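A.B. asks: Structure provided below as C-alpha cells; questions to follow.
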Amino acid sequence: MNSTALVRICLWSVFLVGTGFLILTPPSYYRYSAVGFDMDRLEGDVIIHSYHRLRWPGDGTVRCGMGEKQFSVDEEDVDIVDLAGRLFDEPTLDLHRRAESGFALWRAPEVYDSKEGRHLWARWISVPAWLPGVVLLGIGTVLYLSVGRAARCMKCKQTP
C-alpha cells in the first residue's frame with residue numbers, strides 16, 4: 001500500500017469518527033449509550049474484570065474511562081476479551097457523577113462493593129458530547145487541506 005492510500009484511509013477514518021460523535025450528540029442529552037471492551041484475568045480464586053468504555057450517560061457529555069472490578073470464581077465466568085455496547089437506553093443519572101459544564105476528571109482509587117462486584121478503581125474524563133466531533137472534523141479538515149497543498153506542490157516540482 002502506498003503512502004497516498006494510507007493517508008486517505010486515515011483522513012476518511014478521522015472524518016467518519018468525527019461525524020459519528022456529532023451524530024451521537026443530540027441523543028446524548030436524553031439516552032444512555034456505551035461502547036467498549038472488557039478483559040478478564042484469573043488471579044488466585046478471584047476474577048479481575050477490566051473495562052474500557054466510551055460512554056454517553058444521558059447528560060450531554062461523553063466520558064472515556066476504564067476501571068477494574070473483582071468477582072469470585074463462583075459469580076462470573078472468565079472471558080479473555082469481550083466486546084461491550086449499549087445504544088440509546090434509558091439513562092440512570094443517579095449512577096453517574098455530575099459534570100458541571102461538561103468537563104470533569106475522576107480518579108476513584110477507593111474500593112467499594114456494589115451489585116456488579118467489588119470495584120477496585122476507576123478513571124474517567126468527561127467532555128461535552130459535541131467537542132470530540134468538532135475537534136476530529138477540524139483535525140481532518142486541516143490534514144485534508146495540507147495533503148492537498150503538498151500534492152499541488154509536488155506537481156509544481158514535477159512540471160518543467
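A.B. asks: Restricting to the stretch 31-77, name every residue that is surrounded by 14 or more Cβ atoms within 10 Å (Cβ to Cβ) and outside any strand (DSSP E or B).
C.D. replies: If the condition is that a residue be surrounded by 14 or more Cβ atoms within 10 Å (Cβ to Cβ) and outside any strand (DSSP E or B), then Arg31, Pro57, Gly58, Asp59, Gly60, Glu76 are the ones that fit.
A.B. asks: Kindly establish whether Arg63 is in contact with a Phe, Trp or Tyr (Cβ under 9 Å, 6 or more places away or on another chain), closer than 23 Å to Gly140 by Cα, modelled with pLDDT of 90 or more and not assigned by TED's automatic domain parsing to the domain that holds Arg149.
C.D. replies: yes
A.B. asks: Going through the stretch 66-84 one residue at a time, which ones are small (Gly, Ala, Ser) and either more than 11 Å from Asp38 (Cβ to Cβ) or not assigned by TED's automatic domain parsing to the domain that holds Val35 (or both)?
C.D. replies: Ser72, the sole residue that qualifies.
A.B. asks: Give the residues of the stretch 117-132 that are outside any strand (DSSP E or B) and either more than 24 Å from Tyr30 (Cβ to Cβ) or among the aromatic types (Phe, Trp, Tyr) (or both), sorted by residue number.
C.D. replies: Of everything in the stretch 117-132, just one residue is outside any strand (DSSP E or B) and either more than 24 Å from Tyr30 (Cβ to Cβ) or among the aromatic types (Phe, Trp, Tyr) (or both), namely Trp130.
A.B. asks: Moving on to the next point. Considering only the stretch 1-27, state which residues are among the β-branched types (Val, Ile, Thr) and either farther than 23 Å from Val127 by Cβ or assigned to a helix (DSSP H, G or I) (or both).
C.D. replies: Passing the criteria: Thr4, Val7, Ile9, Val14, Val17, Thr19, Ile23.
A.B. asks: Here's another thing I want to ask about it. Is it the case, given these coordinates, that Ile23 is among the aliphatic types (A, V, I, L, M) and touching an Asp or Glu at 6+ places or on another chain (Cβ under 8 Å)?
C.D. replies: no
A.B. asks: Same structure again: Of everything in the stretch 100-127, what is closer than 10 Å to Glu68 by Cβ, modelled with pLDDT of 80 or more and among the small types (Gly, Ala, Ser)? Give them in sequence order.
C.D. replies: Scanning the stretch 100-127 gives a single hit, Ala122.
A.B. asks: Could we say that Tyr51 is within 14 Å of the chain's Cα centre (by Cα) and in contact (Cβ under 8 Å) with a residue 24 or more places away in the chain here?
C.D. replies: yes
A.B. asks: Filtering the stretch 16-32 down to residues that are among the hydrophobic types (A, V, I, L, M, F, W, C) and touching a Phe, Trp or Tyr at 6+ places or on another chain (Cβ under 8 Å), which residue is farthest from Leu131 (Cα to Cα)?
C.D. replies: Leu24
A.B. asks: Whether any residue in the stretch 104-113 is loosely packed, with under 13 Cβ neighbours inside 10 Å and either touching a residue at least 40 places away in the same chain (Cβ under 8 Å) or aromatic (Phe, Trp, Tyr) (or both) is what I want to check.
C.D. replies: Scanning the stretch 104-113 turns up at least one residue that is loosely packed, with under 13 Cβ neighbours inside 10 Å and either touching a residue at least 40 places away in the same chain (Cβ under 8 Å) or aromatic (Phe, Trp, Tyr) (or both).
The values are calculated or read from the model by the stated rules, or taken from the named source; none is laboratory data. Just so you know, these numbers come straight off a predicted model, no measurement behind them. Cβ atoms come from the backbone with ideal geometry, glycine included; neighbour counts cover every protein chain shown.
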